[in-house]
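> This is the structure I want to talk about, given as structure tokens.
Derivation of every value follows stated rules applied to the coordinates shown; laboratory data play no part. Predicted, not measured: the structure shown is a model, and the values here were computed from it. Cβ atoms come from the backbone with ideal geometry, glycine included; neighbour counts cover every protein chain shown.
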Amino acid sequence: MAEPTTPSVMEKIVSLCKRRGFVYPASEIYGGLNGFWDYGPLGVLLKNNIRDWWWRNMVITPPIGPDGHPIDIVGLDSSIVQNPKTWVASGHVGGFSDPMVDDRETKQRYRADHLMVAAARVKRKSGNTDELGLFAVLSGDDASDVFVKKIDKLARKTGGGEVLPPEGFTPFTKLSAEQRQQVVGPDVSTPGTLTEPRDFNLMFQTYVGALQSEESKAYLRPETAQGIFLQYKNIIDTTRVKVPFGVAQIGKSFRNEVTPRNFIFRSREFEQMEMEWFCHPDEARKWYEFWKDERMKWWRSLGVSESNLRLRDHEADELSFYSKMTVDIEYRYPFTAPDFGELEGIAHRGEYDLSQHSKHSGQKLDYFDQDLQVKLKEQGVSPEEIKAKSRYVPNVIEPASGLTRAVLVVLCEAYRNDPNRQGTTEMLSIRPQFAPIKCGVFPLVQKEGMPEVAEKLYLDLRQHFTCEYDQKQAIGRRYARMDEIGTPFCVTIDGQTAQDQTVTIRERDSMAQERVALDKVTGYLVDKLGNPCG
Ligand code: ATP
């Protein structure tokens, strides 16, 4: 009989998300569809709160610029399907691919750069060490464990012994073709079933109109950014923005990921929050540093702890071909710990996108900088130099993050296992501002006029923030459910309310209870919650 295993933190979070209505597998009654997820009643509230906070901090009240003055960022909501030439110009048709490897025996498909290979060694009872060959496992925090378990099974069949931990993994892609043929794939037991890595385009294709032909072929966008570049000229011509300025967009993106995994971390349909910052080429470096700082501040404002966040500069061989420099904001996910995984990329894209779209569309996408012209004139610069310097293709700094990945980070950061809690040991300590439900309103029992008072209070409170009214079950169970979904406050109307017009307010993290006058509850909570999302 297989030994019972304790669920990992990630498994517990996934289970809580399903049980309480945050995230469900998409089309579950048909067996699901790998890489697709639905956000349930609480998940959509949480996601919208994070989305609104990003929008507020980018478009409504963007940060103050390095010179102490406000900066301009405008919003956009562009189509998911664009003229397919867009993706030729952006490089996605030619280059948006991951190397993938198929297993000829099992028909499984893996991302080649996710396959980690190590030599298997077993110390036999005789004292000899046997080499059993090269074995591949999928990268991740449990790679070593998975590897040892697999080799252990194999060793038992061949006389037993102690499996020595792998001496270090090498990515499949870094092996020679000859070595790759000797590798045993993750789901088989014999070598030589893995194909050579092949490029696999990640864009989903569709057809526009009634005819399905090469001419009607189109793509679901793999990123929201290109829609911004396509409208850059219209935005300049129809609004009052001047370089430097930003255009922000939130929306769905689609990537036919080879190996969607780790819950909503890598899915095939997801949401992005991207901002393209257009600036003078000489100032691009300054703005790159500015956005690095600002974006880190934003993640901290979501309640993400400093020790779980880091900035990681891309190595030269990691940079996209168009990027001059890129830094990733990374988070220590439960499935990457002690290592980190990507949360947001901040890229200095130079003039690549605008130049490419200009070349492919035949439209001029350069910028005439009137302010700079005036400044140069004042400095006595020659007319030829002024002409040359005042017209340029802006450079772009792009902070690109995943909204659905942000939901995952907030959930991971908030998840607690507290053995001292009654009714549940699991809770979500979400920063109150972002909690899906801000306040639960409960009559202690369903009699003595308590439900009437509670319902009236609920109707008032929900004008200010998301509330839930619940009169069923014992009060302890109602508190426990609110702890599990991260509700920061619960108000209970009890027997004392009728006598002295006070209620109990319970705070989630400390479980402390306070008596507050009924007519002061709204003001009390509005004060505590500040300016909440949702
Ligand atoms: P990765 O290296 O994880 O594949 P990427 O570098 O290709 O990501 P970008 O193209 O920079 O990602 O996209 C910006 C952001 O969009 C990422 O930082 C991530 O938060 C989010 N994102 C990208 N791909 C996915 C996905 N398949 N599922 C969920 N979020 C994603």
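> Would you mind finding the longest exposed-site-free stretch of the chain, with exposed GluC sites (Glu not before Pro) meaning DSSP loop and at most 10 other Cβ atoms within 10 Å? Don't jump to the answer; show the numbers that get you there.
Working: sites that count: 167, 214, 215, 315.
That would be 316-534.
> Using Cα-Cα distances under 8 Å and only pairs 6 or more residues apart, what relative contact order does the stretch 261-336 have, in percent? Write down the numbers at each step before the final one.
Details: 33 pairs, mean separation 18.4, N = 76.
Reported as a whole number, the value is 24 percent.
> Hey, could you get me the Stokes-Einstein D for the stretch 443-498, Kirkwood radius over alpha-carbon pairs, 37 °C and 0.692 mPa s, rounded to whole µm² s⁻¹? Provide the component values of the computation, followed by the final result.
Working: Rh = 11.8 Å.
My calculation gives 279 µm²/s for D.
> Here is a follow-up. With an 8 Å Cα cut-off and a minimum separation of 6 or more residues, compute the relative contact order for the chain in percent.
On the way: 982 pairs, mean separation 69.0, N = 534.
The normalised contact order for the chain reaches 13 percent.
> Taking a cut-off of 20 Å between Cα atoms, list the lysines near residue 233, but don't count ones fewer than 8 places away on the same chain.
Straight-distance partners of residue 233: 85, 242, 359, 364, 389.
> Check cross-link reach from residue 520 to the lysines: straight Cα distance under 24 Å, and skip same-chain residues fewer than eight apart.
Candidates past the 8-residue exclusion: 438, 447, 456, 528.
> Follow-up question, since we're still on this one. Pull out a ≥ b ≥ c, the square roots of the eigenvalues of the alpha-carbon gyration tensor of the stretch 28-96, then state rounded if a/c is under 1.5, prolate if not and a/b is larger than b/c, and oblate in the remaining case.
Values: a/c = 3.14, a/b = 1.25, b/c = 2.51.
Here the stretch 28-96 falls in the oblate category.
> Work out the FRET efficiency for residue 307 and residue 513 from their Cβ-Cβ distance, taking R0 = 35 Å, and round it to the nearest 0.05.
Working: r = 31 Å, r/R0 = 0.90.
It comes to 0.65.
> What are the extents of the Cα atoms of the stretch 237-287 along their three principal axes, listed from largest to smallest and rounded to whole Å?
The Cα atoms of the stretch 237-287 stretch 41, 27, 15 Å along the principal axes, largest first.
> Roughly how far apart, in whole Å, are the Cα centres of the stretch 82-154 and the stretch 475-506?
Between the Cα centres of the stretch 82-154 and the stretch 475-506 lies a distance of 51 Å.
> Roughly how large, in nm² to one decimal, is the mean projection of the convex hull of the alpha-carbon atoms in the stretch 193-322?
Values: hull surface 53.9 nm².
Hull-based average projected area comes out at 13.5 nm².
> Let me ask you something else. Beyond 16 Å, what percent of the Cα pairs of the stretch 194-234 remain?
The share of Cα pairs beyond 16 Å in the stretch 194-234 comes to 60 percent.
> Still on this structure, I have one more. What number of lysine-lysine pairs in the stretch 109-212 show an alpha-carbon separation below 17 angstrom, given a sequence spacing of 8 or more or placement on distinct chains?
Details: 123/149; 123/150; 123/153; 123/157; 125/153; 125/157; 149/157.
Going through the stretch 109-212 pair by pair, I get 7.
> Non-local amide H neighbours of residue 33 (under 5 Å, H modeled in plane, Pro and chain starts lacking H): which ones?
The list, which skips near neighbours in sequence, is 26.
> Using θ = phi - 60° and the Karplus form 6.51 cos²θ - 1.76 cosθ + 1.60, what ³J(HN,Hα) does each residue of the stretch 416-431 get, whole Hz, x for Gly and Pro?
Here the 3J(HN,Hα) series is 9, 10, 10, x, 8, 7, 8, x, 8, 9, 9, 8, 10, 8, 6, 3 Hz.
> When N is the residue count of the stretch 125-266, what does its C-alpha Rg come to as a fraction of 2.2 N^0.38 Å? Intermediate values should be presented prior to the final figure.
Details: Rg = 24.6 Å, N = 142, 2.2 N^0.38 = 14.5 Å.
The stretch 125-266 yields a ratio of 1.70.
> Another question about this same structure. To the nearest 0.05, how large is the calculated FRET efficiency for residue 164 and residue 36 if R₀ is 41 Å and r is the Cβ-Cβ distance?
Values: r = 40 Å, r/R0 = 0.98.
In this case the efficiency is close to 0.55.
> So what's the gap between the Cα centers of the stretch 508-531 and the stretch 220-242, to the nearest angstrom?
Centre-to-centre distance over Cα atoms comes out at 44 Å.
> Is the chain best put as rounded, prolate or oblate by its Cα gyration tensor, with a ≥ b ≥ c the root eigenvalues, rounded for a/c under 1.5, and otherwise prolate when a/b is larger than b/c, oblate when not?
Working: a/c = 2.05, a/b = 1.06, b/c = 1.95.
In terms of gyration-tensor shape, oblate.
> How would you classify the stretch 295-354 from its alpha-carbon gyration tensor, with a ≥ b ≥ c the square roots of the eigenvalues: rounded for a/c under 1.5, else prolate if a/b is greater than b/c, otherwise oblate? List each step's numbers first, then the result.
Working: a/c = 3.25, a/b = 1.74, b/c = 1.87.
Since a/c reaches 1.5 but b/c is at least a/b, the shape of the stretch 295-354 is classed as oblate.
> Separate question: In nanometres, what is the gap between the two model label sites at residue 389 and residue 239, each 7 Å from Cα along Cα-to-Cβ?
With each label point 7 Å from Cα toward Cβ, the separation is 2.9 nm.
> Between the stretch 1-63 and the stretch 407-430, how far is it from one alpha carbon centroid to the other, in angstrom?
Between the Cα centres of the stretch 1-63 and the stretch 407-430 lies a distance of 14 Å.
> For the stretch 1-154, I need the span (max minus min coordinate) of the C-alpha atoms along each principal axis, in Å, sorted largest to smallest.
Taking max minus min along each principal axis of the Cα atoms, the stretch 1-154 gives 75, 43, 43 Å.
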